[in-house]
Amino acid sequence: MIDKSREIIRAENLVKTYEDDSVPVNALRGVDLVINRGDFLSIVGPSGSGKTTLLNVIAGLDEPSEGRVYLNDKLISEMSGRELSDFRRDNIGFIFQSHNLIPVLSVEENIEYIMLLQGVPKKERHKRVEDILKEVGLEGFTKRFPTQLSGGQQQRVAIARAMVSQPALMLADEPTASLDSATGSELLDIMRSLNEKRNMTFIFSTHDKLVMDKARRLIVLKDGKIASDEVKE
Amino acid sequence: MIILKIAFRNIFRQKRRTLLTALTIFGGFTLAAISIGWSEGTYSYTIDMFTRNQMGHIQIHGKGYLDKPTLYNTINNYRQIGETISGLEGLEGWCPRLYSSGLAAVAEKSAGAIIIGIDPALENEATGFDKKVAEGKSFSKDPAHEAILGSGLMDILNADIGDSAVIVSQAADGSIANDIYEIVGIVESGDNLSDRSSFYLHLSDAQELFVLDQRVHEIAIISEELGDVDELVVRIKSAVGESGLSIEPWQEFAKQFYVAMQADKQGAWIMIFIIILIVAVGVLNTVLMTVLERIREYGVLRALGTRPIQIFRLIILETNFIAVGSILVGLVASTIINYLLSIKGISMPDSITYGGVEFTKMYSEVNAISLYIPAITVIVTVSLVSVFPAIKAARTSPSKAMRIH
Ligand SMILES: Nc1ncnc2c1ncn2[C@@H]1O[C@H](COP(=O)(O)OP(=O)(O)O)[C@@H](O)[C@H]1O
Ligand SMILES: [Mg+2]
């Protein structure tokens, strides 16, 4: 019994085989997954279990070898090139493990980047940048450059940038992996509060116990398959 | 716009590498600009030596004279033609000439000579004849049975200033042309070959000798600018009319010389090709290195929704920023160098003789072509060379790029 209107991601039988080496690697071996609007979901599993691959396929950064991904009922696994670039820009916020920011752009410019691509007017851009920086606790950092920020601050800017154009979905691949656990935990609190305040859907991978505990739904990947899927209350 | 901003700021990230690229482009541009300036300068200078000081830029003859120069093929109304053309725009000077050959004798010695009758005043004004008189004096204003000989001919005849020279030839009416003149000066025209045979007379004396009253064989015309010769030819043709006359620019009446000069110019282009090749290899190397280093960043940009063409533009813009900056500095440097070489010149290690003219010094030239040709070539080269790395960057797969650490 699935309520279609709540559904944001539907992945069907995702298979991903990397063929570039002599021995093919089966990173995903048939993943079926439905994610609902407002989920705060963590994908966990040992290194090499396919977390990054799954997030990349969901984000349209990588093509599955088999299977389909729908975002808001749009089939994204078959879009290509420019269509996919624009779709990603407008619908998905992505946060990487590290080095998320463009080093030659200031905090403000990094956050503005997607809005600039979208052609959002200047006034609107400034307002949104101010608001979002307040939410991630970086007021007054607009003119700083990435090298002038700590790792945790950089990740917060990355979240702000991903969030600022109100994408339907936020994806974060081990966002805390390069941070110490206190800073990582803080970052998760910010994500959680954005999830609650704005009803924004978050999917993040991790292998950090502290981080997992903050999730409301936990999917465990093992050898490219879902081993368990539990909703916590 | 944001792409432009990133491209611009990227220049300052690896300052040393940018500086190296800029120096390569600057060096290539400046060398090319100097070599074109030099090539154009020596080209104009050599041509000027022949035309402005001697042949003239334009010559008028009776039809067929150049193919078969006979005593009888004359221009009969040269004064009238001269008056008509002397007011034309772009004309600096004109002078009539009478040519014949004969035997010149001084005391016991004799030699074949080319007798050239000139109007001293007009010849001075047009080709600076008086400046070529190395010893003695130039002609008196009125005909006075004076002769001025080329330095080579003086040696052959073992003559001195003040000696009497006898000419024996044939006149237009079939009679024997024969007269005696006083040598008053020695000419060094720079053209050694012609100095071995030139025997100058006052035009009126020559006309009397050959019984060619009021007639000449050639009108030489000097243009104010070498580059405007063709337009001046058109103006002269429409002012004078072409009946019985041929009016030709130096490229036609001195065709062999012109062809040789053109061939000389090709050398500069080979030089430019080599320079461009060096710039291309240097720039390709650094751009490729930079792109490989930043592949992760292109991955982030792609993941954020940047289109491949925007990444492509980013690379092309970045290299062009460096190129334009280097060219601007190069413009200043090469203009200064070309200017200095155009006024000071360079002494030839061994004097070069070209068609009998001795060149001891050559001069460069400041002109637009020596700047815009290298500028365009460098921009095009740098852009072309960046295309391959730019495509590579544009094709970055975000998922793969993010796995590079
Ligand atoms: N581009 C690739 N080429 C070949 N194998 C890959 C590639 N990317 C990932 N893999 C392999 O796929 C499997 C899953 O990797 P990944 O999704 O990165 O797992 P995780 O993020 O859970 O550590 C691993 O065995 C990894 O070595
Ligand atoms: Mg991973």
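Just wondering, is there one or more residues in the stretch A:83-98 that are more than 14 Å from ligand 2 (Cβ to nearest atom) and more than 13 Å from chain B (Cβ to nearest Cβ)? Explain how you work it out, then say what you get.
Here is the first cut: in the stretch A:83-98, the ones more than 14 Å from ligand 2 (Cβ to nearest atom) are A:83-93.
Those left that are additionally more than 13 Å from chain B (Cβ to nearest Cβ): none.
No.
Go through the stretch A:56-82 and report how many residues are at the interface with chain B (Cβ under 10 Å from one of its Cβ atoms) and of a type in the set (Asp, Glu).
Of all residues in the stretch A:56-82, those at the interface with chain B (Cβ under 10 Å from one of its Cβ atoms) come to A:56-57, A:59-63, A:81-82.
Adding the requirement that they be of a type in the set (Asp, Glu) leaves A:62-63.
The qualifying residues number 2.
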Candidate set from the stretch A:161-189 (those that are over 14 Å from the mean Cα position of the chain (by Cα) and in a helix (DSSP H, G or I)); member that is nearest to ligand 2 (Cβ to nearest atom): A:GLY184
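Yes or no, residue by residue, for (1) in contact (Cβ under 8 Å) with a residue 40 or more places away in the chain; (2) surrounded by fewer than 20 Cβ atoms within 10 Å (Cβ to Cβ); (3) under 16 Å from A:MET170 (Cα atoms); (4) charged (D, E, K, R):
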{"residue": "A:VAL69", "(1), (2), (3), (4)": "yes, no, yes, no"}
{"residue": "A:ASN72", "(1), (2), (3), (4)": "yes, yes, yes, no"}
{"residue": "A:LEU101", "(1), (2), (3), (4)": "yes, no, no, no"}
{"residue": "A:GLN118", "(1), (2), (3), (4)": "yes, yes, no, no"}
{"residue": "A:LYS123", "(1), (2), (3), (4)": "no, yes, no, yes"}
{"residue": "A:VAL136", "(1), (2), (3), (4)": "yes, no, yes, no"}
{"residue": "A:GLU139", "(1), (2), (3), (4)": "no, yes, no, yes"}
Qualifying residue in the stretch A:25-35 (condition: loosely packed, with under 15 Cβ neighbours inside 10 Å, within 13 Å of another protein chain (Cβ to nearest Cβ) and without any contact (Cβ under 8 Å) to a residue 40 or more places away in the chain): yes
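Pick out the one residue from A:LEU133, A:LEU117, A:LEU101 that is in a loop (DSSP other than H, G, I, E, B), farther than 30 Å from A:GLU12 by Cα, away from ligand 1 (no atom under 16 Å from the Cβ) and among the hydrophobic types (A, V, I, L, M, F, W, C).
Details: A:LEU133 fails: in a loop (DSSP other than H, G, I, E, B); A:LEU117 fails: in a loop (DSSP other than H, G, I, E, B).
That would be A:LEU101, the only listed residue that is in a loop (DSSP other than H, G, I, E, B), farther than 30 Å from A:GLU12 by Cα, away from ligand 1 (no atom under 16 Å from the Cβ) and among the hydrophobic types (A, V, I, L, M, F, W, C).
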Given (1) on the phi < 0 side of the Ramachandran plot; (2) in contact with a helix residue (DSSP H, G or I) (Cβ under 9 Å, 6 or more places away or on another chain); (3) in contact (Cβ under 8 Å) with a residue 24 or more places away in the chain; (4) at the interface with chain B (Cβ under 10 Å from one of its Cβ atoms), index of the condition A:VAL129 fails: (4)
Which numbered condition B:PHE12 misses (of (1) buried (at least 19 other Cβ atoms within 10 Å of the Cβ); (2) more than 18 Å from B:ALA375 (Cα to Cα)): (1)
Test: residue in the stretch A:143-156 that is within 14 Å of chain B (Cβ to nearest Cβ) and surrounded by 23 or more Cβ atoms within 10 Å (Cβ to Cβ): yes
Pairs with Cβ under 9 Å, 6+ apart, first in the stretch B:390-404 and under 12 Å from B:LEU301 (Cβ atoms), second near ligand 1 (Cβ under 10 Å from one of its atoms) and assigned to a loop (DSSP other than H, G, I, E, B): B:PRO398/A:ASP62; B:MET402/A:GLN97
Residue satisfying all of: in the stretch A:36-51; within 16 Å of ligand 2 (Cβ to nearest atom), in a loop (DSSP other than H, G, I, E, B) and touching a residue at least 60 places away in the same chain (Cβ under 8 Å); nearest to the chain's Cα centre (by Cα) among these: A:GLY50
Wholly enclosed helices (runs of 4 or more DSSP H) of the stretch B:234-346 bearing at least 1 residues of a type outside the set (Lys, Arg) and within 30 Å of B:ALA390 (Cβ to Cβ): B:255-293, B:295-303, B:308-344
Matching entry among B:THR319, B:THR335, B:THR381 (being out of contact with any Gly (no Cβ under 6 Å at 6 or more places or on another chain), more than 14 Å from chain A (Cβ to nearest Cβ), surrounded by fewer than 20 Cβ atoms within 10 Å (Cβ to Cβ) and among the polar types (S, T, N, Q)): B:THR335
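Here's the yes/no breakdown for (1) away from chain B (no Cβ under 14 Å); (2) more than 16 Å from ligand 1 (Cβ to nearest atom); (3) of a type in the set (Gly, Ala, Ser); (4) in contact (Cβ under 8 Å) with a residue 40 or more places away in the chain:
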site: A:ASP189; (1), (2), (3), (4): yes, yes, no, no
site: A:SER193; (1), (2), (3), (4): yes, yes, yes, yes
site: A:LEU210; (1), (2), (3), (4): yes, yes, no, no
site: A:LEU218; (1), (2), (3), (4): yes, no, no, yes
site: A:GLU233; (1), (2), (3), (4): yes, yes, no, no
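What number of residues in the stretch A:195-233 are part of a helix (DSSP H, G or I) and in contact with a Phe, Trp or Tyr (Cβ under 8 Å, 6 or more places away or on another chain)?
So the first thing to find is which residues in the stretch A:195-233 are part of a helix (DSSP H, G or I), and the list is A:195-198, A:209-212.
Now restrict to residues that are in contact with a Phe, Trp or Tyr (Cβ under 8 Å, 6 or more places away or on another chain): A:195, A:211.
Of the residues in the stretch A:195-233, 2 are part of a helix (DSSP H, G or I) and in contact with a Phe, Trp or Tyr (Cβ under 8 Å, 6 or more places away or on another chain).
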B:GLN80 vs. criteria outside any loop (DSSP other than H, G, I, E, B) and surrounded by fewer than 20 Cβ atoms within 10 Å (Cβ to Cβ): yes
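A short reminder: the numbers here are calculations on the coordinates, not readings from a lab. Predicted, not measured: the structure shown is a model, and the values here were computed from it. No Cβ is skipped: glycine too gets one built from the backbone with ideal geometry, and neighbour counts run over all protein chains shown.
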